[in-house]
Amino acid sequence: MATKLRREIEPRWVSEYVAANYKDFPVRFRVPLGAIPKGLAEEMGEAKALAFFRPWRPEVDAIVILPRHLILIEGKIFKVMDGLSKLPIYKSLVPLTPELAEYRDFPVIMQLLCVRPLPWVEQAAAQNDVKIVPWAPDWLIKIWEERDKYWTREEVLKREDRKKTLKALGYE
């Protein structure tokens, strides 16, 4: 259960950010990107092929549809490099995405939602036309700070003690 809850942190965070900043615009969450194999669409029909092929397509956290632009939003709490590297690829897939055909010619703005951007992230983002958006509600700051405790001397010693206890009990 803890793993499931942990996995749902980013979607909740992205949803709250979008609700707070883009409430007047259409939004789609967890949007699959890219084309599907032509033969598959011909064989099954496009709608069925889209559903069938969805697990093999990359997925952006959110797309906001503005009157003349699309905003791709990727949220990363801890692994910011993943989001930063994905966004330019996601942008390149928008024109190939059947579900976004009507927006094919819209300019695409890339946003990376993060808790606290590091200098190298800001530099790389600027060079790749990605806008960094620091956004962290109180509930997320608590999670962030809890993660940082893992590396403190006290927590390292606790883990070492647990390992010694397990080893003494015959569990290695």
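Being within 22 Å of residue 130 (Cα to Cα) and touching a residue at least 40 places away in the same chain (Cβ under 8 Å), is that true of even one residue in the range 44-53?
Scanning the range 44-53 turns up no residue that is within 22 Å of residue 130 (Cα to Cα) and touching a residue at least 40 places away in the same chain (Cβ under 8 Å).
For the range 20-39, which residues satisfy the criterion of being modelled with pLDDT under 95 and in contact with a helix residue (DSSP H, G or I) (Cβ under 6 Å, 6 or more places away or on another chain)?
Passing the criteria: 34, 35, 36.
Against the condition assigned to a strand (DSSP E or B), surrounded by fewer than 21 Cβ atoms within 10 Å (Cβ to Cβ) and aliphatic (A, V, I, L, M), how does residue 133 come out, does it pass?
Against the criterion (assigned to a strand (DSSP E or B), surrounded by fewer than 21 Cβ atoms within 10 Å (Cβ to Cβ) and aliphatic (A, V, I, L, M)), residue 133 qualifies.
Please return the ranges of helices (runs of 4 or more DSSP H) entirely within the range 1-117 where 1 or more residues are buried (at least 17 other Cβ atoms within 10 Å of the Cβ) and out of contact with any Ser or Thr (no Cβ under 9 Å at 6 or more places or on another chain).
9-21, 38-44, 46-53, 80-93
Does at least one position in the range 144-161 carry a residue that is in the same structural domain as residue 30 (by TED's automatic domain parsing) and in a helix (DSSP H, G or I)?
Within the range 144-161 (the criterion being in the same structural domain as residue 30 (by TED's automatic domain parsing) and in a helix (DSSP H, G or I)), the answer is no, since none of the residues qualifies.
Considering only residues of the range 62-109 that are under 22 Å from residue 16 (Cα atoms) and of a type in the set (Asp, Glu), which is modelled with the lowest pLDDT?
Per the stated criteria, the residue is 82.
Being free of Cβ contacts under 8 Å to residues at least 60 places away in the same chain, more than 11 Å from residue 130 (Cβ to Cβ) and out of contact with any Leu (no Cβ under 8 Å at 6 or more places or on another chain) is the requirement here; does residue 95 meet it?
Yes; evaluated as a whole, the condition is true for this residue.
Identify the single condition in (1) within 24 Å of residue 133 (Cβ to Cβ); (2) among the hydrophobic types (A, V, I, L, M, F, W, C); (3) in contact with a strand residue (DSSP E or B) (Cβ under 9 Å, 6 or more places away or on another chain) that residue 118 does not satisfy, given that it satisfies every other one.
(3)
Which residues, counting only those in the range 141-171, are loosely packed, with under 11 Cβ neighbours inside 10 Å and of a type in the set (Phe, Trp, Tyr)?
Correct list: 150, 151, 171.
Is it the case, given these coordinates, that residue 125 is surrounded by 10 or more Cβ atoms within 10 Å (Cβ to Cβ) and part of a loop (DSSP other than H, G, I, E, B)?
no
The values are calculated or read from the model by the stated rules, or taken from the named source; none is laboratory data. Here the structure is a predicted model, which means the values were calculated and not measured. We place every Cβ from the backbone using ideal geometry, glycine too, and count neighbours over all the protein chains shown.
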